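Below is one structure, written out as structure tokens; the observations come after it.
Read-outs: derived from the displayed coordinates by stated rules, not from any lab. Everything quoted here is computed from the prediction, not taken from an experiment. Cβ placement follows ideal geometry from the backbone for every residue including glycine, while neighbour counts extend to all protein chains displayed.
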Amino acid sequence: MLIFGTRPEAIKMAPLVKTLQARPERFTTIVAVTGQHRQMLDQVLHLFDIVPDYDLDIMKQGQDLTDVTCRILTGMRDVLGEAKPDVVLVHGDTSTSTAAALSAFYAHVPVGHVEAGLRTGDIYSPWPEEMNRRMTGRIATYHFSPTETSRDNLLRENVDGRFISVTGNTVIDALHMVVDKIDGDSCLESSICDGLAAAGYDLRTRLADGTRRLVLVTGHRRENFGTGFLNICNAIKDLAAKYPEVDFVYPMHLNPNVRRPIAEVFSDIEHANVFFIEPLEYLPFVYMMKRSYLIITDSGGIQEEAPSLGKPVLVMRDVTERPEALEAGTIRLVGTDRDKIFNEASHFLDDKKYYEDNSLIANPYGDGQACSRIADVLDSIPMGS
Ligand code: UD1
Ligand code: UDP
């Protein structure tokens, strides 16, 4: 049984669902979603054509961590009691991941942790994700680490090395699936552009003459709520004024804490080159990443995707659990300091050589075969009785 509930987990678990479903002689694949996200989860389920067997549908506006955790614990108790899976797979560091792992433990079902072993070393950054992944890691029996670095983090915590497999990150599997789809279908680009225009950014027209550049922005981290997000919005405002020939496109997370500062900072000014749009489906979002010059984000997943696309990223955090992307040179930590975001983005926009030196394609998160490695490991475990 694969359990997930938010957009990034769904993107990273979808290719694994497909891989396991493709081996029906070995696996009965059950998909349980918590619905911690609703619309943003459904976008991914739709893209990958996944129909969950169970859907707890827990999302409430303004939910807090306790709400989410309690609803999942009670909901999953019943699901696990009925489905009685041999093993539960959870992903990463969300509340869904940790609460589902705990539910499985209570039901005596072993847990496999996909994207295991990422650490910043600071339990409040990112919050609550760093503690979530540590707790999920304690509960898990099988650990699927994306890189050697994440495996070493687990070994340092005395996890038995026989149960850790370095697989690459399944997000690269998802990225490859989507990039192949875009590259392999000439009509698709046109329909993506139609969709983007309907969403409020007419990329085809805006970037038509080849002189304008695109900066893509996303943000949602809890520790950046309040002042952090006001700083981020003000930095974008400063950049948009300095670079009228650059478009800044910000697909906004649905969390009201993300949208409030945007409304506050941009209420009185009309910027012809700033576009706030609704969250994009993964396919158009990947297309936008491919077409972008620079990405500014606090996202975890985008830090992993960007090196494979050769796109530099300014990461609006003080620490990262993705040191491989730092080593690859594609990401820069800028925190939520207004001047730092402005100065570093200006550096990338002004200095061609700096840009080229820091936008080389690298694949520290894998070759797109993580899911088949995970399936092979699962296949080698004796299960059922
Ligand atoms: C969650 C994860 C975070 C992950 C992020 C990815 C936790 C604690 N946080 O944070 O690790 O990086 O997802 O985006 O697990 N909302 C909607 N519709 C949606 C999704 C969200 O309306 O489809 C709104 C709701 O008002 C909801 C709020 O966003 O209450 C917050 O959602 P929640 O899942 O609690 O937190 P995220 O910040 O999305
Ligand atoms: N993403 C998307 N649409 C958007 C913004 C992001 O599909 O409008 C994808 C992005 O490519 C990445 C994932 O969502 O794969 C990251 O999700 P998010 O930033 O919400 O969560 P995190 O990775 O920080 O946990």
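Points to keep in mind about this one:
- Only beta bridges with both residues in the chain are counted; by DSSP, about 0 percent of them are antiparallel.
- Label zone at Thr227 (point 7 Å along Cα-to-Cβ), backbone N below 18 Å, the stretch 323-367: 334-342
- Neighbour-count ranking [beta-carbon atoms within 10 angstrom, fewest first] of Val159, Val265: Val265, Val159
- For the stretch 116-237, alpha-carbon Rg and Dmax in angstrom: 20.4, 56
- Sites excluded, GluC sites (Glu not before Pro) in DSSP loops with at most 14 other C-beta within 10 Å, longest stretch of the chain: 26-156
- Scattering profile of the stretch 210-339 at q = 0.10, 0.20, 0.21, 0.23 Å⁻¹ [log10 I(q)/I(0), Debye over alpha-carbon scatterers]: -0.29, -1.25, -1.38, -1.62
- Spin-label model, Ala107 to Ala198: label points 7 Å out along the Cα-to-beta-carbon direction sit 3.8 nm apart.
- Alpha carbon Rg of the chain, scaled by the compact-globule rule 2.2 N^0.38 Å: 0.97
- Normalised size of the stretch 267-327, defined as Cα radius of gyration per 2.2 N^0.38 Å with N residues, equals 1.27.
- The stretch 38-137, relative contact order in percent, only Cα pairs under 8 angstrom and at least six apart counted: 23
- When the listed pairs Lys237/Lys311; Lys311/Lys352; Lys12/Lys181; Lys237/Lys352; Lys237/Lys340; Lys18/Lys311 are checked against a 19 Å cut-off, the alpha-carbon distance exceeds it for Lys237/Lys311; Lys237/Lys352; Lys18/Lys311.
- The C-alpha atoms of the chain define a longest principal axis, and helix 39-48 lies at about 70 degrees to it.
- Unit Cα scatterers, Debye sum, the stretch 1-57: log10 I(q)/I(0) for q = 0.15, 0.20, 0.23 Å⁻¹: -0.36, -0.63, -0.82
- Crossing angle, helix 282-291 versus the chain [Cα axis fit, 0-90 degrees, rounded to tens]: 40
- Extended-chain gain in nm, criterion 0.36 nm per residue less alpha-carbon gap, Glu245 and Leu155: 27.5 nm
- Taking Cα atoms only, the orientation of helix 338-350 departs from the longest principal axis of the chain by about 70 degrees.
- For the stretch 287-304, the residues whose amide N sits under 20 Å from a probe point set 7 Å from the Cα of His46 along the beta carbon direction are 287-289.
- Only helices enter this figure: runs of n ≥ 4 DSSP H residues, each worth -39500 (n - 2.57), summed and divided by the residues of the chain, yield -15000 deg cm²/dmol at 222 nm to the nearest 500.
- Separation in nanometres of the label points that stand 7 Å from Cα toward Cβ, at Leu254 and Arg138: 3.2
- Ranked Cys187, Cys193, Cys371, criterion: other C-beta atoms within 10 Å, fewest first: Cys187, Cys193, Cys371
- Based on the Kirkwood approach, the hydrodynamic radius assigned to the stretch 151-219 is 16.0 Å, with every pair of different Cα atoms included.
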